[in-house]
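First comes the structure, then the notes that go with it.
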């Protein structure tokens with residue numbers, strides 16, 4: 001049921017997402033007669049050319065000249081920021097106090113607009129101050145028809161902005177490209193002004209950067225033009241009354257071809273289908289869910305196979321009786337397979353029903369959110385048929401080994417149990433040789449693939465080696481359970497009996513452990529690999545970006561600003577850097593700064609081993625990794641001096657020398673006066689002081705924007721002067737944590753199935769050993785002792801599986817994945833940094849964290865799952881079960897019931 005539920009959910013999610021996308025795109029194009037859109041795979045330049053050819057309402061393009069075309073409206077989006085209302089919580093998605101918005105140019109024929117007006121009217125033709133706002137934003141921002149707000153574009157996002165008035169409020173767009181953005185409609189006159197504001201912002205930023213050569217100015221102008229050019233995702237066409245749509249479509253296609261445009265002209269329905277096919281051609285999410293569903297189904301197959309093998313063993317006398325009465329081997333095998341098919345059909349039907357309900361509820365809940373009304377649940381017949389067929393087929397295949405075993409029961413050998421695979425028989429020899437070959441070959445592939453950065457070979461090798469482990473499980477798992485079971489001896493008779501019962505049927509024990517082994521190994525692998533990769537990536541980021549935040553101060557900035565910033569929550573340390581001189585770095589005159597060595601060591605991380613100890617020593621200079629020389633000559637106001645280089649792994653760091661060395665070069669630090677000092681005459685007079693900051697513990701991505709704002713205010717500078725790559729490191733941490741959470745949750749399904757298998761096996765074992773358990777109760781074993789015996793048996797089997805799985809997962813995740821991460825980010829310093837010195841310990845912590853989670857999930861949970869068979873066993877009366885005939889101890893569940901037996 002669970003495995004099919006997982007599979008059906010993956011398929012239904014895919015069908016529902018396709019249906020939702022179809023509805024969304026259909027609504028976007030629904031008001032047009034024809035749609036002109038770039039062909040699949042067209043580049044960004046095609047969209048620019050499409051907007052230029054389509055023209056505007058003031059200057060129509062060639063499409064408008066086609067007979068039968070009333071309007072050809074290009075869907076052009078201009079990104080801006082909308083001023084947030086005062087007192088709104090959080091920070092903006094565009095700027096500190098602005099949220100990201102998409103301004104779409106309104107058509108002349110407003111009937112082409114897919115969103116209905118809720119209130120007000122569309123902007124007047126030629127208006128530069130009216131907009132239509134979506135109703136969600138209007139409500140959140142407290143705006144109504146006639147209210148005013150500000151739009152800010154380009155680099156001028158922190159300026160006063162352009163004041164506009166809300167002339168109308170529309171419904172929320174269902175365009176998938178507009179989800180998450182404020183939706184604004186405006187006349188072309190206003191969008192032209194917004195683009196001009198953006199261009200002016202870029203130009204002012206360029207001017208602030210310093211003088212540019214003629215070539216640089218031309219390049220900047222070209223870049224500004226490209227960044228502010230119109231880009232059309234599509235063109236909506238309104239036809240004149242009575243026009244032949246097919247003829248107009250052909251004429252428009254000819255006009256587009258004449259302009260050299262890679263576009264297609266189609267009806268709204270056809271265009272929606274084409275774009276949907278393009279957007280859903282590779283549904284990664286469905287494939288990912290399908291992969292985890294396959295894992296869950298594999299574990300399900302192992303549990304089913306183990307359950308049927310136990311059932312067949314318990315029915316051996318019945319099967320022998322059937323054979324004695326004339327049943328053929330084929331009939332016996334057919335009866336087992338038919339039973340499996342019926343069970344599979346029932347379970348698959350329940351699984352599909354549960355999956356349909358879950359996905360339908362999730363889609364219905366999502367559709368209640370504004371902007372997601374297009375979400376649609378769709379249960380394609382193909383998905384239902386595939387899910388049911390897989391469920392039935394899986395059950396039949398999983399039971400086939402038990403069916404074959406049933407045919408081996410002869411009338412004269414009914415009570416002789418089938419021989420389990422062991423080292424001394426043929427089955428054990430086959431498993432030993434085959435499993436060992438797969439294990440060795442797979443391990444070799446894993447090592448070679450990891451060493452040569454071939455992820456495909458490494459993954460394939462790991463999978464092959466794991467199959468070898470599963471084949472060998474029946475040979476070593478029972479022995480491992482017996483060995484670990486020695487620890488249960490202090491528990492007395494229940495402990496000793498639990499150990500004996502756990503290995504009484506080696507094949508059953510190995511199969512039960514194998515199901516749990518798969519889930520445990522995968523969980524441990526992902527946790528170990530993910531955490532280890534996170535530690536290594538953090539080390540890489542610290543090496544590449546050793547300073548969390550950098551603040552450009554004003555010319556008179558100094559210790560006061562440093563102290564105010566250092567006192568902020570979220571700031572761990574702050575160092576003041578003063579301009580001290582210049583040096584030639586790669587033949588370019590570069591400003592050299594001076595800092596207090598103690599403070600410098602607090603803010604600079606990720607230096608290679610050996611270099612970190614030398615940081616701040618007299619006569620040394622911290623340099624970027626682009627400096628190849630062992631020395632660097634620094635020129636100050638009163639002369640030059642040669643410094644030994646301390647090499648960092650970053651290419652962005654500026655040279656820094658100790659403060660005392662800078663004083664020897666003539667730097668006037670103004671100690672005791674509060675002044676920043678001067679380096680006039682050194683060639684670094686244009687450089688201004690800086691602050692280097694190390695973020696405090698616990699800083700999050702959400703709090704970083706607030707920290708940047710607080711730092712800028714404390715330093716007395718604009719927020720643009722606060723920079724750094726800390727956000728990249730924090731974002732990577734968030735991504736890894738999110739991925740691990742999702743992957744672990746998905747893999748937990750397979751672990752849950754395996755735990756159900758453990759409970760299944762113990763339940764059947766409790767029934768099978770009912771006479772033995774009753775005898776132990778008659779000899780004085782308490783109910784608690786009997787339940788404890790079953791609990792210990794569950795813990796022994798699951799504990800060994802968890803230990804083996806966590807060990808394998810640690811090897812797979814900690815051996816292959818980190819090598820990929822390390823090599824993917826070359827070149828890095830070949831010397832491990834100070835943070836990297838702690839890497840091995842951090843990796844051990846990551847691995848132990850994965851093992852701890854695995855043990856908690858796979859050892860303690862089975863102890864809880866034993867409760868059902870345990871209660872069944874402890875409540876059995878002493879005397880009635882002793883009356884069960886010894887010859888019937890292998891019969892089914894109904895046959896061991898005393899009343900049922902007496903009735904027969």
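The values are calculated or read from the model by the stated rules, or taken from the named source; none is laboratory data. Computed from a prediction, not measured in an experiment: that's the story for all the values here. Note that we place each Cβ from the backbone using ideal geometry, even for glycine, and neighbour counts take in every protein chain shown.
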Checking the structure you have, find out if any residue of the stretch 627-646 is under 25 Å from residue 572 (Cα atoms), buried (at least 19 other Cβ atoms within 10 Å of the Cβ) and in contact with a strand residue (DSSP E or B) (Cβ under 6 Å, 6 or more places away or on another chain).
yes
Verdict on residue 123 being more than 17 Å from residue 29 (Cα to Cα), surrounded by fewer than 22 Cβ atoms within 10 Å (Cβ to Cβ), touching a residue at least 24 places away in the same chain (Cβ under 8 Å) and more than 37 Å from the chain's Cα centre (by Cα)
no
Given the conditions (1) crowded, with 22+ Cβ neighbours inside 10 Å; (2) at pLDDT below 80; (3) within 30 Å of residue 625 (Cβ to Cβ), which single one is not true for residue 519?
(3)
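So that you can scan it fast, the table gives a plain yes or no per residue for (1) farther than 30 Å from residue 355 by Cβ; (2) at pLDDT 80 or above; (3) not in a helix (DSSP H, G or I):
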site	(1), (2), (3)
384	no, yes, no
388	no, yes, no
394	no, yes, no
402	no, no, no
419	yes, no, yes
423	yes, no, yes
427	yes, no, no
Selection within the stretch 49-83 - under 18 Å from residue 254 (Cα atoms) and either at pLDDT below 75 or assigned to a helix (DSSP H, G or I) (or both):
49, 50, 51, 52, 53, 54, 62, 63, 64, 65
Would you mind stating whether residue 64 is free of Cβ contacts under 8 Å to residues at least 40 places away in the same chain and over 36 Å from the mean Cα position of the chain (by Cα)?
yes
Being without any contact (Cβ under 8 Å) to a residue 60 or more places away in the chain, out of contact with any strand residue (DSSP E or B) (no Cβ under 8 Å at 6 or more places or on another chain) and closer than 30 Å to residue 716 by Cα is the requirement here; does residue 598 meet it?
yes
Of all residues making up the stretch 442-454, the number that are farther than 15 Å from residue 809 by Cα and either touching a helix residue (DSSP H, G or I) at 6+ places or on another chain (Cβ under 6 Å) or buried (at least 20 other Cβ atoms within 10 Å of the Cβ) (or both)
4
Test: residue 86 is part of a loop (DSSP other than H, G, I, E, B), modelled with pLDDT of 75 or more and in contact with a strand residue (DSSP E or B) (Cβ under 6 Å, 6 or more places away or on another chain)
no
Can you tell me which residue among 605, 573, 612 is under 30 Å from residue 698 (Cβ atoms), at pLDDT 90 or above and in the same structural domain as residue 687 (by TED's automatic domain parsing)?
573
Of these, 104, 145, 69, which one is touching a strand residue (DSSP E or B) at 6+ places or on another chain (Cβ under 9 Å) and over 14 Å from residue 236 (Cβ atoms)?
145
Is it fair to say residue 747 is within 41 Å of the chain's Cα centre (by Cα), modelled with pLDDT under 80 and crowded, with 22+ Cβ neighbours inside 10 Å?
yes
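Conditions tested, residue by residue: (1) more than 26 Å from residue 695 (Cβ to Cβ); (2) part of a strand (DSSP E or B).
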{"site": "546", "(1), (2)": "no, no"}
{"site": "572", "(1), (2)": "no, yes"}
{"site": "578", "(1), (2)": "no, yes"}
{"site": "594", "(1), (2)": "no, yes"}
{"site": "621", "(1), (2)": "no, yes"}
{"site": "627", "(1), (2)": "yes, no"}
{"site": "633", "(1), (2)": "yes, yes"}
{"site": "644", "(1), (2)": "yes, yes"}
{"site": "650", "(1), (2)": "no, no"}
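Okay, residues lined up against (1) at pLDDT below 80; (2) surrounded by 24 or more Cβ atoms within 10 Å (Cβ to Cβ); (3) over 28 Å from the mean Cα position of the chain (by Cα):
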site	(1), (2), (3)
751	yes, yes, no
757	yes, yes, yes
760	yes, no, yes
768	yes, no, yes
782	no, no, yes
807	no, no, no
It is to be established whether one or more residues within the stretch 506-516 are within 30 Å of residue 734 (Cα to Cα), modelled with pLDDT under 80 and surrounded by 22 or more Cβ atoms within 10 Å (Cβ to Cβ).
yes
Matching option when the condition is touching a strand residue (DSSP E or B) at 6+ places or on another chain (Cβ under 8 Å), within 30 Å of residue 622 (Cβ to Cβ) and not assigned by TED's automatic domain parsing to the domain that holds residue 651, among 532, 539, 590:
539
Expected single match for surrounded by 22 or more Cβ atoms within 10 Å (Cβ to Cβ) and closer than 23 Å to residue 615 by Cα among 573, 566, 598, 591 is 591
Of (1) within 30 Å of residue 469 (Cβ to Cβ); (2) outside any helix (DSSP H, G or I); (3) at pLDDT 80 or above, residue 524 satisfies all except one. Which?
(2)
